[in-house]
Protein chains: 2
Amino acid sequence: MPQGQPSSVPDDGLTTRQRRNRPLTIVHTGIGKGKSTAAFGLALRAWNQGWPIGVFQFVKSAKWKVGEERALRVLGDSGEGGTVAWHKMGEGWSWVQRDIADSEEAAKEGWEQVKRDLAAETYQLYVLDEFAYPMHWGWVDTDEVIQVLNDRPGTQHVIITGRNAPEKLVEAADLVTDMTKVKHPMDAGQKGQKGIEW
Amino acid sequence: MPQGQPSSVPDDGLTTRQRRNRPLTIVHTGIGKGKSTAAFGLALRAWNQGWPIGVFQFVKSAKWKVGEERALRVLGDSGEGGTVAWHKMGEGWSWVQRDIADSEEAAKEGWEQVKRDLAAETYQLYVLDEFAYPMHWGWVDTDEVIQVLNDRPGTQHVIITGRNAPEKLVEAADLVTDMTKVKHPMDAGQKGQKGIEW
């Protein structure tokens with residue numbers, strides 16, 4: 001349930017409406033489930049508002065997020081809401097003309113494209129899925145990410161997911177949720193299953 | 001990223017496949033954001049598998065989850081994945097022929113319908129959104145919920161969201177994530193905005 005009342009009103013000279021419409025940097029981190037699924041759930045709201053959505057998958061995976069990808073593509077193509085552009089690392093970003101075998105180089109390329117899209121205000125919602133990892137691994141400079149986000153034009157919301165989000169990023173973000181694992185079926189010896197894990 | 005290996009293998013006489021395909025009870029609780037959005041994100045995977053999905057919204061809300069509802073309805077009607085049935089409390093559950101003004105009675109009616117649907121195996125994924133509240137408030141008996149879930153036939157997955165999930169339910173569930181608030185824009189005086197909160 002949405003919480004109704006802010007706990008304090010800042011002395012920043014902004015009206016409630018101006019403050020309300022500020023671009024948000026959202027971080028979903030922690031070792032529990034739901035970081036990416038909650039990001040894609042938010043994308044449904046953005047789609048309903050007619051916003052152009054850009055998804056960037058920063059970690060190559062055998063299973064990717066096939067269900068979410070197909071659902072968001074069908075929604076984006078339906079003409080009833082916003083558009084959806086889906087970019088995958090490791091299969092070659094769609095805007096890179098050559099194969100990039102190296103994950104670090106591929107992550108850097110992805111981030112460069114995000115920067116170009118932010119500068120051009122290509123999307124209104126960016127899902128930078130698993131983007132915490134390249135920052136955590138030092139492949140992409142966290143300070144630069146924070147500066148680019150701080151300086152981005154217009155009202156572009158950015159969601160970053162992944163374990164081990166750098167502390168500096170957490171400090172710079174507006175909305176941070178830590179998905180805390182309480183219990184997981186794998187603790188009881190159960191492997192992942194379709195429809196749930198992918 | 002999906003975790004690959006179970007940390008232990010139980011001595012339950014089941015094969016990996018049998019264990020893999022057991023119905024899951026999933027709980028998203030905690031005071032942070034993302035409990036419902038992650039549930040609806042999971043619904044995208046279920047939709048992609050072609051599963052019939054039943055959503056039951058257990059707390060009446062001015063804004064409901066309009067974006068998620070519209071997106072899932074469009075997906076359900078697309079014919080490209082599973083079907084989606086969306087039930088709302090407070091506007092009258094769709095299968096109740098009379099108005100129910102009282103929230104407690106409405107919650108009980110909703111739970112009765114969930115029981116009927118579980119018995120009939122109507123859906124393969126149930127999103128019982130905000131269902132932790134009626135249990136927390138004592139409107140619906142947690143012990144009965146646990147028993148019904150334990151005894152449900154077939155492979156029907158159930159996701160329950162909401163703050164204050166009863167401890168007994170957490171113990172009985174297979175996958176539990178606590179969405180922990182690290183930071184929220186309202187702490188900085190910012191109110192909710194479209195596309196993000198609804």
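The table below gives the values:
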{"quantity": "Gap separating the Cα centres of the stretch B:65-90 and the stretch A:23-71, nearest whole Å", "calculated": "18 Å"}
{"quantity": "Shielding score for B:60-67, defined as the mean number of other chain Cβ atoms within 10 Å", "calculated": "3"}
{"quantity": "Residue among B:MET179, B:ILE160, B:MET135 farthest towards the positive dipole end of chain B, charges placed on Cβ", "calculated": "B:MET179"}
{"quantity": "Residue-count net charge about B:ILE160 - beta-carbon cut-off 10 Å; Lys, Arg +1, Asp, Glu -1", "calculated": "-1"}
{"quantity": "Percent antiparallel among DSSP beta bridges (both partners in the protein assembly as shown, rounded to 5)", "calculated": "15 percent"}
{"quantity": "Shielding by partners, peptide A:27-33 (average Cβ within 10 angstrom, other chains)", "calculated": "5"}
{"quantity": "Positive minus negative residues near A:THR37 (Lys, Arg vs Asp, Glu; Cβ under 9 Å)", "calculated": "+3"}
{"quantity": "Choice from A:TRP64, A:TRP93, A:TRP51 with maximal GNM fluctuation in chain A (Cα, 10 Å cutoff)", "calculated": "A:TRP64"}
{"quantity": "Difference of contour (0.36 nm per residue) and Cα-Cα distance, A:TRP95 to A:LYS108", "calculated": "3.3 nm"}
{"quantity": "Per-copy distances of the B:GLU91 label point, shortest first, in nm (7 angstrom along Cα→Cβ)", "calculated": "3.6"}
{"quantity": "Label-point gap, in nm, between B:VAL170 and A:ASP11 - each point 7 angstrom along Cα→Cβ", "calculated": "4.0 nm"}
{"quantity": "Of every Cα-Cα pair in chain A, the percent that sits beyond 24 Å", "calculated": "43 percent"}
{"quantity": "Peptide A:72-85, shielding by other chains (average Cβ, 10 Å cutoff)", "calculated": "3"}
{"quantity": "Relative contact order of chain B, defined on C-alpha pairs under 8 angstrom at six or more residues apart (%)", "calculated": "33 percent"}
{"quantity": "Percent of alpha-carbon pairs separated by more than 38 Å within the protein assembly as shown", "calculated": "17 percent"}
{"quantity": "3J(HN,Hα) from dihedral phi, the stretch A:155-171, Karplus parametrisation 6.51/-1.76/1.60, rounded to Hz, x for glycine, proline", "calculated": "10, 10, 8, 10, 10, 10, 10, x, 4, 6, 4, x, 4, 4, 5, 4, 5"}
{"quantity": "Choice from A:THR29, A:THR177, A:THR161 with maximal GNM fluctuation in chain A (Cα, 10 Å cutoff)", "calculated": "A:THR177"}
{"quantity": "24 Å Cα-Cα threshold exceeded, pairs from A:LYS108/B:LYS35; A:LYS181/B:LYS60; A:LYS191/B:LYS88; A:LYS183/B:LYS35; B:LYS35/B:LYS183; A:LYS168/A:LYS191", "calculated": "A:LYS108/B:LYS35; A:LYS181/B:LYS60; A:LYS191/B:LYS88; A:LYS168/A:LYS191"}
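A short reminder: the numbers here are calculations on the coordinates, not readings from a lab. Since we're looking at a predicted model, the values are computed, not measured. Backbone-built Cβ (ideal geometry, glycine too); neighbour counts: all protein chains shown.
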